[in-house]
1. Within the stretch 44-51, does at least one residue satisfy the condition of being surrounded by fewer than 19 Cβ atoms within 10 Å (Cβ to Cβ), assigned to a helix (DSSP H, G or I), hydroxyl-bearing (S, T, Y) and modelled with pLDDT of 95 or more?
2. With (1) surrounded by fewer than 24 Cβ atoms within 10 Å (Cβ to Cβ); (2) out of contact with any Leu (no Cβ under 7 Å at 6 or more places or on another chain); (3) under 20 Å from L32 (Cα atoms) as the list, and S160 as the residue in question, which single condition is left unmet?
3. Considering only residues that are of a type in the set (G, A, S), closer than 22 Å to V158 by Cβ and assigned to a loop (DSSP other than H, G, I, E, B), which ones fall in the stretch 103-127?
4. From I171, I243, I200, which residue is touching a residue at least 60 places away in the same chain (Cβ under 8 Å) and closer than 27 Å to A133 by Cβ?
5. Quick one: would you say R147 is touching a residue at least 24 places away in the same chain (Cβ under 8 Å), surrounded by fewer than 15 Cβ atoms within 10 Å (Cβ to Cβ), assigned to a helix (DSSP H, G or I) and not β-branched (V, I, T)?
6. From the list R187, R179, exactly one residue is within 27 Å of V113 (Cβ to Cβ), basic (K, R), in contact (Cβ under 8 Å) with a residue 24 or more places away in the chain and part of a helix (DSSP H, G or I). Which is it?
7. Counting only residues that are in contact with a strand residue (DSSP E or B) (Cβ under 7 Å, 6 or more places away or on another chain), in a loop (DSSP other than H, G, I, E, B) and either crowded, with 22+ Cβ neighbours inside 10 Å or among the β-branched types (V, I, T) (or both), how many does the stretch 53-102 have?
8. Could you please let me know if I91 is more than 13 Å from the chain's Cα centre (by Cα), within 23 Å of S26 (Cβ to Cβ) and among the β-branched types (V, I, T)?
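The values are calculated or read from the model by the stated rules, or taken from the named source; none is laboratory data. Nothing here was measured: the structure is a model prediction, and the numbers come from that model. Here the Cβ positions follow ideal geometry from the backbone for every residue, glycine too, while neighbour counts run over all protein chains shown.
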Amino acid sequence: MTTVRRSATTSSVPPTTHSRSQDHVSVAPSILSADFGRLADEVRAVTAAGADWIHVDVMDGHFVPNITIGPALVRAVRAATTLPLDVHLMISDPDKYLDDFAAAGADVLSVHVEATLHLHRTLQHIQHIGKRAGVAVNPATSEEAVRYVLGVADLILVMSVNPGFGGQAFIAEVLPKVRTLRSMIDRSGRAVDLEIDGGIAAGTAGPAAAAGARVLVAGNAVFSRPDYKLAIDDLRREASHAIVGEP
């Protein structure tokens, strides 16, 4: 297997469970909702506004019914920010492209349980090339799908919409799954980030965090508002209050 060297501009992604308080909530704006005509400016703007990570949705028109971006655009995003790039591969046969996205500057590479034949091997390869390995699960997929790869996962991504398009409504039925995964992670003692993606906005950030998510992916909830800092702060505040039981 080819070893990919980390470029000088690539940021490492510290696991939130070890480097920060268990109650810290990270916000990862999804560039799927950004203005692609001025994408570099958009990335710089949310970076300045206090984003923790930048979330990059890669779609192939096969695993999901939409086509978005490839490694070249990830490389352009990498050049616009020093924040960690959280690259979510919503693609069939992701193993073919892991090295390319790693070389483009991804810090986290998340693959779908539903699209990966040998998941354990794939996660090991992601770590071998110097990146954090994420496992994504669709709304209808059981948490049991990740139980036996928890030892080689750095991040678990729970989809709270069906993947493929931005702006969808939050599927509240995934919250029990988030709670179960939070318990699995805590019992393991490992630094595994629990991320949620889909419909995260005012009114859903709180329940997601209360269930155990600590990384919130938000697209329209950030990029549709005129003040990105206020949007990010509002999400983080709602989530943090929910964790400690405050209204």
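1. Yes - at least one qualifying residue is present in the stretch 44-51.
2. (1)
3. The first filter runs over the stretch 103-127 and keeps only residues of a type in the set (G, A, S), leaving 103-106, 110, 115.
Now restrict to residues that are closer than 22 Å to V158 by Cβ: 106, 110, 115.
Answer for the stretch 103-127, where residues must be of a type in the set (G, A, S), closer than 22 Å to V158 by Cβ and assigned to a loop (DSSP other than H, G, I, E, B): just A106.
4. Details: I171 fails: touching a residue at least 60 places away in the same chain (Cβ under 8 Å); I200 fails: touching a residue at least 60 places away in the same chain (Cβ under 8 Å).
Among I171, I243, I200, only I243 is touching a residue at least 60 places away in the same chain (Cβ under 8 Å) and closer than 27 Å to A133 by Cβ.
5. Values: touching a residue at least 24 places away in the same chain (Cβ under 8 Å): yes; surrounded by fewer than 15 Cβ atoms within 10 Å (Cβ to Cβ): yes; assigned to a helix (DSSP H, G or I): yes; not β-branched (V, I, T): yes.
Yes.
6. Working: R187 fails: in contact (Cβ under 8 Å) with a residue 24 or more places away in the chain.
Among R187, R179, only R179 is within 27 Å of V113 (Cβ to Cβ), basic (K, R), in contact (Cβ under 8 Å) with a residue 24 or more places away in the chain and part of a helix (DSSP H, G or I).
7. Matching residues across the stretch 53-102 total 7.
8. Working: more than 13 Å from the chain's Cα centre (by Cα): yes; within 23 Å of S26 (Cβ to Cβ): no; among the β-branched types (V, I, T): yes.
Criteria not met by I91.
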